[in-house]
Structure formats: C-alpha cells, structure tokens
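Structure first, commentary second.
We did not get these values from a lab; they are worked out from the coordinates using the rules stated. As the structure is a computational prediction, the values presented were derived from the model and not from experiment. Cβ placement follows ideal geometry from the backbone for every residue including glycine, while neighbour counts extend to all protein chains displayed.
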Ligand SMILES: [Mg+2]
C-alpha cells in the first residue's frame, strides 16, 4: 500500500513498520496520482517495507462452527459455518488467513471443497515452487497464471502478510495505513424462519446491542412488506439497507415492481439486486431509483469497479477481500472508488475471528466511510476461534497486536477442526 491513492490521511503510513526491509526491489511510491485503473503498483505495496519470510510449511485446517442462529439469504439457509484456515509457518513466526468460501458454490463459483483442493494441489505448490522466500506482494503475481479462486488466493496473501507482520512486530492496520482505531459496525440480518415479526424482534435486539446500521437480506417474496414493517416500527431515521444477493431479474415485471417498492422506503442503499454479470441491467435501472445501488458480487477487481462506476451501474461498492483476491486488490478498488467519489465499505462472509481481524483492519483504512458488516463475534458464534471481537458503543476496536492481531486459541481450534489437508 502506498500514498498512491493521493489521500493525505494515508501519508501517515510511511514509516509504518518500515526499515525492516530486505527486499531490494522495494518500490515505495513517490506519486500522488490517482490511479483509476487496475494498476499493478498497488499490489506491490502490500508487504513492502517488511522482511521477507522463509516459508517452512503451509497448513490447511478445516473447521466447522455452529452459528448462534441460522443465516438465510436468497442463496439458502446456513446453520453451520465451514471455514478453511491457511497457516503459513516460518522458523520464527506463524501467519493465519481465512478462506471465506461457503460450503456450496452459491455466492460465487468458489466453495470450500474446491478451495481446499486448489490450494493443496495448485496454489501452494505454485507459490512455493518459485522459492520459499517471499513477501505478500509476491503472492498475487506468483499465482496470476492460475485463473479464478480469489478467496483461496486471498487467504494465502493474508497468511503470508500476517507471518511477515508478526516477524516484524507490526500490526496489519498500521501496515495498511489505517486511519481509525475503531470501526463503526453494522449487522447483516438474514431472512428469519419466523417471518416479519421475527425480523422485527431480531432488529430490535441488534439495535439494543448498539449496531449503527441494519442490513436486511431480501429475496422475491420477502422484500417490500418486511421493510415497510421495519419502517413502521423503527421510523424513518433507522439506517437501513437491503441486500438481494443477485436474486432479482430485470426481465421480470414483478421483480421490478418489488424493487420500485423498496426504492420508496428511504433505504441507504440497495445491494446487488441483479446477477453478478448483469452490470448493464444495474446501469439501466439505477437512474430511475432514488436509492443508491451498491455492488458486491459484480466487482471482482479494480477494473470491474471502474467499469461499473463509468457505466452508472453503482454508486457504492462493497469490498470483500476474499471476493477480490486479497488486500492488495481491495485497496486498488478503494483507490478507484475514491478517485470517483464513490464510497466503499467492508462486507463480510461470516468470518471467524481470523478473517474478521483482517476485515476490521481494512475497514479502518481511509475511504471506508460507511459502517462495515464487521459485527461482533457473538452475532455469529457462541465461541469464536480467537479472542472475540466485542461491540462497544456500536464499534469494533481495531487490533493493535502484531499481524492480524488475533490467533486461533488452541482449544477452540481443536474443538472446531474437522480436517487437516496439508501440514
Ligand atoms: Mg452482499
């Protein structure tokens, strides 16, 4: 990362964790230009200024964690979260990353069985086949010839960076040039088994806990009525978003009528109404709505973000580091959006404390100006894998410890582990 985004607040990141460099090709920026394209410069900055690590092993640890309540979206209903953790070992440090794939290929093409296989048989061999000495900035380029699998690649990038940061004693947020010590937290509310009144009950509970923004999952048949009810109960001031997870079709008159109905409810944004590949549909309908359109599934990299903004397909972008292949691409997207005045925020994928820690550091960076989907650990887990994140006055505190600032607790990991694929 660098000040190539032209953000004055990010200039403070210079000197953060620097001067441990043994990478002769460290190309710290001297530019203040916006880079509204898919510049590779951004990628080189992840890990810059940190010592390279000598990787002695990579472990893949699969865990299963029961959710405190089922989480239902237009994709389906989840009661257990299967997560895949990547552990990068060196002689002096251990780095962790979380592969945020769901169990089935419903959010995107990626799913946990596939991610485990591609990590074991392709990504890890390709990464280490070019030498065991590396920096996080090399992960993307070394894996670029292997198509797709951004969630698996992101987990490797974060794990390598975490090992580097722990070796240097530097916090991830500091390395990224974070500008906040705590991040405002929103909560994503699934489609409840009990219908509208259960939704009202759940939202009331989350507001009592202090969440600053409510995002409700919608799908055809569960959209205008429940959101209208929330407005009746909680009033017009409630910061309210909806996320359709690509469930609506622009060619379906009933779907369009429902989206028009949602547009009348004073929502902060409408997230991904149409399919991931349907940028044109978003661009065609967005001008008719008052509600800003936010894209999630459609944005895979900075070039997608630039295209979507140029087309008028979105006014807000949800950045998930897993969806876009890691922190480097996340920051490149952030830079594109900032240059165009488009706000971004950090989404979530039901992460354990490992993935949540990386999200919170990202959400603390300049440009992430809307509350994130970085809820407290207890929104999802009775027992998180790591020291839990707590909600305090509607915010999560950004970890300040070395690396991602969270480490799986051995007992919790033993309880949750179901399979060891490497290591
Ligand atoms: Mg979404």
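Tabulated results
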{"quantity": "Using distinct alpha-carbon pairs, which all enter the 1/r mean, Kirkwood radius of segment 268-398 in Å", "calculated": "15.1"}
{"quantity": "For the chain, share of DSSP beta bridges that run antiparallel, in % to the nearest 5", "calculated": "60"}
{"quantity": "Helix-only CD estimate at 222 nm, as mean residue ellipticity for the chain, using -39500 (n - 2.57) per DSSP H run (n ≥ 4)", "calculated": "-9000 deg cm²/dmol"}
{"quantity": "Exposure proxy ranking, count of Cβ atoms within 10 Å, fewest first, for 132, 149", "calculated": "132, 149"}
{"quantity": "Histogram of C-alpha separations across segment 174-411, 10 Å bin width, %", "calculated": "8, 33, 36, 20, 3, 0"}
{"quantity": "Rg/Rg_globular for segment 145-246, with Rg_globular taken as 2.2 N^0.38 Å and Rg from C-alpha atoms", "calculated": "1.51"}
{"quantity": "Rg followed by Dmax, in Å, when the chain is reduced to its Cα trace", "calculated": "20.4, 61"}
{"quantity": "FRET efficiency, 1/(1 + (r/R0)^6) with R0 56 Å, evaluated for residue 400 and residue 253 via beta carbons", "calculated": "0.60"}
{"quantity": "Cα-based shape type of segment 239-290, given that a ≥ b ≥ c are square roots of the gyration tensor eigenvalues and the cut on a/c is 1.5", "calculated": "prolate"}
{"quantity": "Sorted by Cβ neighbour density within 10 Å, fewest at the top, the residues 191, 404", "calculated": "191, 404"}
{"quantity": "Sorted by Cβ density within 10 Å, fewest first, the residues 232, 110, 329", "calculated": "232, 110, 329"}
{"quantity": "log10 of Debye I(q)/I(0), alpha-carbon scatterers only, for segment 56-169 at 0.23 Å⁻¹", "calculated": "-1.24"}
{"quantity": "Approximate spin-label separation residue 390-residue 421, in nm, with each point projected 7 Å along Cα-to-Cβ", "calculated": "3.6"}
{"quantity": "Label point 7 Å beyond Cα of residue 64 along Cβ direction - residues of segment 116-147 with amide nitrogen under 19 Å", "calculated": "116-117"}
{"quantity": "Difference of contour (0.36 nm per residue) and Cα-Cα distance, residue 198 to residue 284", "calculated": "27.5 nm"}
